[in-house]
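**Student:** The structure is given below, and queries will be raised subsequently.
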Amino acid sequence: QVQFVESGGGLVQTGGSLTLSCAASTLIIRFRAMGWYRQAPGKQRELVANINLAGNRNYADSVKGRFTISKDNAKNTVYLQMNSLKPEDTAVYYCNALPNLNSAWGQGTQVTVSS
């Protein structure tokens with residue numbers, strides 16, 4: 001069974017930076033793309049960044065220019081570098097494949113940005 005384990009979250013002030021990591025239990029090259037998702041309290045989970053097999057990246061408008069997704073196929077790990085963080089980035093962050101695997105959602109990692 002595929003598992004994704006996220007880490008790297010924490011409490012940071014507005015304008016700060018964090019780097020999230022996602023370790024996969026399988027080869028990430030199995031998937032057409034990998035993505036970072038987030039869910040804020042009272043809101044639906046949303047896709048914020050994704051990267052495909054060729055390394056092409058896409059970002060939600062809300063994070064474009066501030067977040068960078070990358071991956072290390074040899075380590076089966078996906079990263080999310082987050083800069084210039086804002087309070088509205090506060091959420092639990094998850095990684096998953098695209099399209100996502102419903103059974104593979106992990107616990108996520110909490111990111112809290114204080115104003």
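The values are calculated or read from the model by the stated rules, or taken from the named source; none is laboratory data. These numbers were taken from a predicted model, which means no experiment stands behind them. Here the Cβ is made from the backbone with ideal geometry for all residues, glycine too, and neighbour counts use every protein chain on show. Heads up: the accessible areas ignore ligands, DNA and RNA and are worked out on the full protein's heavy atoms, side chains in. Shrake-Rupley method; radii C 1.70, N 1.55, O 1.52, S 1.80 Å.
**Student:** Ignoring ligands, DNA and RNA, what percent of the accessible area of the range 52-115 is carbon or sulfur (1.4 Å)?
**Tutor:** In the range 52-115, the share of accessible area belonging to carbon and sulfur is 45 percent.
**Student:** Now for a separate question. Hey, which lysines would be in cross-link range of residue 64, C-alpha to C-alpha under 16 Å, not counting anything within fewer than 8 residues on its own chain?
**Tutor:** Candidates past the 8-residue exclusion: 86.
**Student:** Ignoring any ligand, DNA or RNA, what whole percent of the accessible area of the range 3-45 comes from carbon and sulfur when the probe is 1.4 angstrom?
**Tutor:** Carbon and sulfur atoms account for 51 percent of the accessible area of the range 3-45.
**Student:** Here's another thing I want to ask about it. Distance between Cα centroids, the range 1-29 to the range 52-115: provide it in whole Å.
**Tutor:** Taking the Cα centre of the range 52-115 as reference, the centre of the range 1-29 is 7 Å away.
**Student:** Related question: Using per-residue counts of other Cβ atoms within 10 Å, averaged over each peptide, order 39-48, 101-110 from highest down. The partial results should precede the final answer.
**Tutor:** Working: 39-48: 12.5, 101-110: 14.7.
Answer by packing, highest mean first, reads 101-110, 39-48.
**Student:** If the only charges are +1 at each Lys and Arg Cβ and -1 at each Asp and Glu Cβ, what is the size of the charge dipole of the chain around the Cα centre, to the nearest 20 debye?
**Tutor:** Result for the chain is approximately 220 debye, rounded to the nearest 20.
**Student:** Would you mind calculating the relative contact order of the chain from Cα pairs under 8 angstrom and at least 6 residues apart, reporting the percent as a whole number?
**Tutor:** 38 percent
**Student:** Can you tell me what share of the DSSP beta bridges in the chain is antiparallel? A percent to the nearest 5 is fine.
**Tutor:** 90 percent
**Student:** With a 1.4 Å probe and every protein chain left in place, work out the accessible area per residue of the chain in Å², rounded to a whole number.
**Tutor:** Details: 6050 Å² over 115 residues.
Here the per-residue accessible area is 53 Å².
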